[in-house]
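K.L.:
One structure, pasted below without further comment.
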Amino acid sequence: MRNILLLASVFTSINLSAQLNITQLGYLDYQALHSTGLSNLWGYVDEFGNEYAIVGAQNGISIVDVTNPATPTEVFYYPGSNSIWREVKTYNNYAYITTEASDGMVIINLNPLPGTITTGDVSIFNGPASDPWISEHSLFIDEATGVMFVHGTDRGNGGAILYDLNSSPTNPNEIGDFDDYYVHDSYSRGDTLYACHINNGFVSFTDVSTPSSISYMAANQNTPMNFSHNCWLSDDGKYLFTTDEVSGAWIGAYDISDFTDIKEVDRIRNSETSGSIPHNTYWLNNYIVTSYYRDGVTIHDVTDPSNMIQVGNFDTTPLSGDGFNGAWGVYPFLPSGNLLVSDIELGLFILGPTYVRACYLDGNVKDATTLANLNGVHVELLTTADFDDSDLAGNYSTGHGIPGTYDVVYSKPGYYNDTVTVTLVSATTVTQNVLLQPLPTFSYSGNVISSAGSSPVAGAQVLVENGTYSYTATTDASGNFVINPFAIDTTNDVFEVTIGMWGYETYCQTGVIIDGTNGPLNITLDPGYYDDFTLDFGWTEAATSSTGVWVRREPFGTMSGSFLANPEVDVTGDCSNKCFVTGNENNTSVGADDVDAGSVTLISPTFSTTGMTDPYVSFYLWYRNTGGFGSPNDTITISIYDGTLKVGEKVHINNLAEHNWIPRSFQLSDYTSATTGLHIEIKAQDYNPGHIVEAGVDLFRVTDGNAFVSTEENKVVNENVMVYPNPASETINIVCLDQEIATVDMVDMSGKLIMRKTVNAINTSLDISLFTTGVYTVRVISQTGKTTMHKIIKR
C-alpha cells in the first residue's frame, strides 16, 4: 500500500508527457475514493447514450459515469474480497465480473442506469450446484451468440466452461466444458474459440458449434514468448493478435485465414531494451489498442498486419521497464471513441485518442559487390524507436506514426553502414532499396598446442567475438585453425578470444585488437577439466518435467517475492557471462518456466582423474525452492558416477539463503576409487504439491586438491548471507542470517575497492545510487572470517 500511495503522490507532481496522439481527458483517484488499486475494466452504454466504466478494484467493483470525461462520477460500488484480479465483460445490460477471490462471479443488473443501482441488482453465480466453482480468473462473452466462456476456475484443470446467457442472465445453463488445458483468456466468434493457454505457451483453435462436443480445428499455435496471455480477432476474421505477459515480450500477428497453414506475419514490442510487459490487446478499425503495464497504452496501425506500426501512446505511470505496474486494462469501444484505462496504482484514466494512419517504409538490401540479397540488415529510423531486420530475401518493412523526413541507417556486421534520407507520408508506402558495401577481409589463423609435450590439440573450439561480430572455428589434426573471411572493421576491432576443449583448461583473453595486421595466434592449453560454459563441451540433459529444462545461456533473472529465483548474472571471474540454468530459455516469468511436476538432470561429459593424488570436483550451484502451498519440499541431487554405478549423492533441500551462487566441492575418494569413466549429474526435482524450483551451475572444475581453498578469498564461504535485489539501481540489502557483524566491500570490475561498510544488523540497506552503471562484486566478511562473494549489476 505504501508504494501505491507514493506513486499517487508522484503522479500529482509530474507531467506524464510520454504521449503521442492521445490526450488525457479525465482521471479518478481510487486511492482517495476507496484506498484501493485496480485490475481490469470494461465499458458500457445505457439506452440514453451515457457512457460508463465498470472498474475492477482490488477490493470491489466500481461503476463510473464517464459521459463527461472531465468529471467522472462513481454511481455504484460493490465491495468484495481483496484480490488483485478482477475481469469484467457485459452482455444485454448485465455486467459479469470474475475474481480469484472466493466470491464467485458477481453479476450486476445495469438496466436501472442512468438511475440508481442497488445491492438488490447484484447476483452471485457459482456454476451448477452439481459441479460448482467459487473462484475464476477471467471470462469472454460472444455477443453474437450470448455464450459466456469462464476461464481458470477452481474446477478441473481451469479450462473454459461455456454458459448460455440467453437462458438466464443471472443463472445461465452450462452447455459445455473445454478442460484439456488451463485457459487464461479467450476470444470467441461464432463456431470458433481461440483460447490462450498461458502455462502451455500457445493458442488453441476449437470448434464450439456443438458445445457438448468441442473439437480442435487447427494445430496449437505458440506465441512469441510461449506465455500466451490474451488474443483478439480482426473483424474480417483473417488475423489474430496476441500478447505474452512477460518482460520484453512482443505483440504477435497471425494470418489464420487458412487453419491448415497458420503463419506469424509480424511481431512488435514497445521497447527493445526496457523489458516492458504487454498485457491486453484489442482490435478496432484496423488498429490494435494495448494496455502495456509500465508503458501505459499503445495504439498500432495494423492495416498491414505484416508491418504493425505504433501511431499512439500514453504513459499513465512514472514507472518504467519490467514490472507488473501501470496500465492493467484498456477499453477502446465506447461510441465517443474515448479510451478507459485502469492503472493499477494510480486509478482510472479517460483518454482521448486521435487515430492516424501510419507512414510505411519498405525495400530490399543487397551486397553491392555480388548483388546477393542480405538478411539480418538492421534498418533503423533515427530519432524514433522504429526498425526492422531484413529477411532471407533481403526485404524489410517498417515505418513511423508521424509524417516527416528521417535519416534511415542500414547496418550489418561485415559491411559499411549506409544512411539514406527519406520523406514519409501518412497512409503511404515509400520504397527504398539499398546496396551495402562489404568491408575488406583477411584470414585470421592460429595454432593450439598442449603444454604436455607441445603436441597439437585437435578439435579445440575457437570463439572470437565482441558485441557485433562472432566468429567460430575448430582446430584440425595439426592444431591449426583459420577464420576466413574476417572483416576488417577499425571502428569495432576489440575482441574476446576463447579457446578450449574438454580435458583442457580454457584460454580466454579480453581486449584483443584484431584489425587485419595480426599474425597467427599461438596458444598453449594446459591439460585439466574446466568448463565455464562459454563453449559447448557436450553436457547433456534429461527431463521428466516439460518445463524448466537446463539451458546453456546468459541467465535472465526472474523474481520470486523479494528474491531472485533465476540468477541475473553468472559467477564472477570466468571467461563469459554464460552458465547452465533451468527454465530460462524464453525469458519467461518464474512461474511459467520453472521445474514443474518432474525432474531435469544435467549430465557432464566423462572425465579421468588418473595421475591426481587427491581429486576434487567443484562448481558453483544456484538453487531456489519457494512459493506454492505449504513448506517447499523439493530437492537438488548431486551424483557422482563411475560407469553405471551410482556411488554418491548430496541432496540439498530448500534454504532461503540459497538464491546466490554457492560453491560446492566433493572429494572423489569419498565416493569411488575409480579414476576413469567418471561423470557428474545434477538433478533438480519438483514434488507434489508444486513449488518454484530453479537451479544453475557454473565454473565446473576437476582439480588435484580442493579448488575452493586454493585462494585466500575462498577459504570459507558463508552460505547465510543474501544480497538483493540484483540488478539494483538505488539500494542493495545485505541479510546476515547468522546475525554476525560483517564488513561489506564493494569492488568494481578493475578490482578497485570503492566502498567499505560495517554491517551490525541482520538486515541492512546500502545506498548505491551514486555508483556508475556496471557490474560490481560485493564481498561480505563476517566477524569470524567467513567470506561470501556476490556479483551484482548496478542499473
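The values are calculated or read from the model by the stated rules, or taken from the named source; none is laboratory data. Bear in mind the structure is a predicted one, so any value in this text is a computation, not a measurement. When we count neighbours, we look across all protein chains shown, and the Cβ atoms used for this are built from the backbone with ideal geometry, even at glycine. Heads up: the accessible areas ignore ligands, DNA and RNA and are worked out on the full protein's heavy atoms, side chains in. Shrake-Rupley method; radii C 1.70, N 1.55, O 1.52, S 1.80 Å.
K.L.:
For segment 593-617, give me each residue that is outside any loop (DSSP other than H, G, I, E, B) and either of a type in the set (Lys, Arg) or under 31 Å from the mean Cα position of the chain (by Cα) (or both).
P.N.:
Ser599, Val600, Thr601, Leu602, Ile603
K.L.:
Same structure again: Take Glu100 and decide whether it is open to solvent by 30 Å² or more (accessible area, probe 1.4 Å) and in contact with a Phe, Trp or Tyr (Cβ under 7 Å, 6 or more places away or on another chain).
P.N.:
yes
K.L.:
Identify all residues within segment 498-520 that are crowded, with 20+ Cβ neighbours inside 10 Å, hydrophobic (A, V, I, L, M, F, W, C) and part of a strand (DSSP E or B); write none if there are none.
P.N.:
Across segment 498-520, the qualifying residue is only Ile499.
K.L.:
For residues in segment 304-332 being within 16 Å of Asp386 (Cβ to Cβ) and among the β-branched types (Val, Ile, Thr), which is surrounded by the most Cβ atoms within 10 Å (Cβ to Cβ)? Let's see the steps before the verdict.
P.N.:
Here is the first cut: in segment 304-332, the ones within 16 Å of Asp386 (Cβ to Cβ) are 304, 306-313.
Filter again for among the β-branched types (Val, Ile, Thr), leaving 309, 311.
On the way: Ile309: 23, Val311: 26.
Top of the filtered list is Val311.
K.L.:
Can you report the number of residues in segment 665-693 which are open to solvent by 20 Å² or more (accessible area, probe 1.4 Å) and in a strand (DSSP E or B)?
P.N.:
Adding up the residues that qualify gives 7.
K.L.:
For segment 269-293, which residues satisfy the criterion of being under 27 Å from Leu340 (Cβ atoms) and either modelled with pLDDT under 95 or surrounded by fewer than 17 Cβ atoms within 10 Å (Cβ to Cβ) (or both)? Break it down into steps so the answer makes sense when it comes.
P.N.:
Filtering segment 269-293 for residues under 27 Å from Leu340 (Cβ atoms) gives 269-271, 274-293.
The answer is Arg269, Asn270, Ser271, Ser274, Gly275, Ser276, Ile277, Asn285.
K.L.:
Go through segment 521-538 residue by residue and tally those that are assigned to a strand (DSSP E or B) and polar (S, T, N, Q).
P.N.:
So the answer is 2.
K.L.:
When you scan segment 371-387, do you find a residue that is over 29 Å from the mean Cα position of the chain (by Cα), surrounded by fewer than 23 Cβ atoms within 10 Å (Cβ to Cβ) and either among the hydroxyl-bearing types (Ser, Thr, Tyr) or part of a loop (DSSP other than H, G, I, E, B) (or both), even just one?
P.N.:
Yes: one or more hits.
K.L.:
If you check every pair at least six apart or on different chains, which have Cβ atoms under 6 Å apart with a residue in segment 721-732 that is within 20 Å of Phe556 (Cβ to Cβ) first and a residue that is assigned to a loop (DSSP other than H, G, I, E, B) and open to solvent by 40 Å² or more (accessible area, probe 1.4 Å) second?
P.N.:
The qualifying pairs are Pro727/Arg795; Ser729/Arg795.
K.L.:
Among residues belonging to segment 618-632 that are under 24 Å from the mean Cα position of the chain (by Cα) and over 19 Å from Thr540 (Cα atoms), point out the one that is most open to solvent (accessible area, probe 1.4 Å).
P.N.:
Gly628
K.L.:
Does segment 104-115 contain any residue that is within 32 Å of the chain's Cα centre (by Cα) and buried (at least 19 other Cβ atoms within 10 Å of the Cβ)?
P.N.:
yes
K.L.:
Oh, and also: Name the single residue that is surrounded by the fewest Cβ atoms within 10 Å (Cβ to Cβ) among those in segment 448-497 being assigned to a loop (DSSP other than H, G, I, E, B) and under 33 Å from the mean Cα position of the chain (by Cα).
P.N.:
Thr491
K.L.:
Working only within segment 189-243, note down all residues that are closer than 26 Å to Ile299 by Cα, open to solvent by 50 Å² or more (accessible area, probe 1.4 Å) and either basic (Lys, Arg) or not in a loop (DSSP other than H, G, I, E, B) (or both).
P.N.:
If the condition is that a residue be closer than 26 Å to Ile299 by Cα, open to solvent by 50 Å² or more (accessible area, probe 1.4 Å) and either basic (Lys, Arg) or not in a loop (DSSP other than H, G, I, E, B) (or both), then Arg189, Asn222, Lys238, Tyr239 are the ones that fit.
K.L.:
Which residues, counting only those in segment 412-430, are open to solvent by 30 Å² or more (accessible area, probe 1.4 Å) and either of a type in the set (S, T, N, Q) or closer than 22 Å to Val302 by Cα (or both)?
P.N.:
Asn417, Thr419, Thr421, Thr423, Val425, Ser426, Ala427, Thr428, Thr429, Val430, listed by residue number.
K.L.:
Related question: Please determine, by comparing only the residues of segment 613-643 that are out of contact with any Asp or Glu (no Cβ under 7 Å at 6 or more places or on another chain) and either among the small types (Gly, Ala, Ser) or at pLDDT below 75 (or both), which one is nearest to His679 (Cα to Cα).
P.N.:
If we take residues in segment 613-643 being out of contact with any Asp or Glu (no Cβ under 7 Å at 6 or more places or on another chain) and either among the small types (Gly, Ala, Ser) or at pLDDT below 75 (or both), then Gly643 is nearest to His679 (Cα to Cα).
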